[in-house]
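Below is one structure, written out as structure tokens, with a few remarks after it.
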Amino acid sequence: MKHTQGKWELSIKGVAFYIEADTLNGEEHIAEVFGHSVSEVEANARLIASAPELLEALEECLDQLSSWQDNHEEDTFTMKRAKEVINKARGV
């Protein structure tokens, strides 16, 4: 499973919050975010819009931690947690 590539952006149109991706085929609608209050909806929309960058950053951090780790040691709790979250995001 692969997410929509391209930079995801928050688009606010009136009281509606949308997540749009700037793809090779042009702008693509990813999601519309709903909630109980404008501040909650905006916070959720900002988090969703940053999801691809957060996933990429977490993968880079895990790679860096793995390169620093001694080959004979078990994964740290943090590394295990990072792998779990990456797998969750990737649908693995």
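Evaluating TRP8 against the criteria (1) of a type outside the set (Ser, Thr, Tyr); (2) within 12 Å of the chain's Cα centre (by Cα); (3) not in a strand (DSSP E or B) leaves one unmet condition, (3).
The set of residues in the range 60-80 being more than 20 Å from the chain's Cα centre (by Cα) and surrounded by fewer than 11 Cβ atoms within 10 Å (Cβ to Cβ) consists of SER67, TRP68, ASP70, ASN71, HIS72, GLU73, GLU74, PHE77. Among residues that are closer than 21 Å to HIS3 by Cα and within 13 Å of the chain's Cα centre (by Cα), LEU55 is included. In the range 44-75, of all residues being outside any helix (DSSP H, G or I) and in contact with a helix residue (DSSP H, G or I) (Cβ under 9 Å, 6 or more places away or on another chain), the one that is modelled with the highest pLDDT corresponds to ASP75. What pairs come up if the first residue lies in the range 76-92 and is outside the structural domain of LYS2 (by TED's automatic domain parsing) and modelled with pLDDT under 90, the second is surrounded by fewer than 13 Cβ atoms within 10 Å (Cβ to Cβ) and among the small types (Gly, Ala, Ser), and their beta carbons are under 6 Å apart, counting only those six or more places apart or on different chains? Close Cβ pairs (under 6 Å, with a partner that is surrounded by fewer than 13 Cβ atoms within 10 Å (Cβ to Cβ) and among the small types (Gly, Ala, Ser)) do not exist here.
Considering the range 11-35, and only residues there that are assigned to a strand (DSSP E or B) and of a type in the set (Val, Ile, Thr), the residue that is modelled with the lowest pLDDT turns out to be THR23.
Let's see how each residue does on (1) surrounded by fewer than 15 Cβ atoms within 10 Å (Cβ to Cβ); (2) in contact with a Leu (Cβ under 9 Å, 6 or more places away or on another chain); (3) closer than 25 Å to LYS83 by Cβ:
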| site | (1), (2), (3) |
| --- | --- |
| ALA21 | no, no, no |
| GLY26 | yes, no, no |
| HIS29 | yes, no, no |
| VAL38 | yes, no, no |
| LEU58 | no, no, yes |
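The values are calculated or read from the model by the stated rules, or taken from the named source; none is laboratory data. All figures in this text were calculated on a predicted structure; none of them were measured in a lab. Cβ coordinates were reconstructed from backbone atoms using ideal geometry, including for glycine residues, and neighbour counts include every protein chain displayed.
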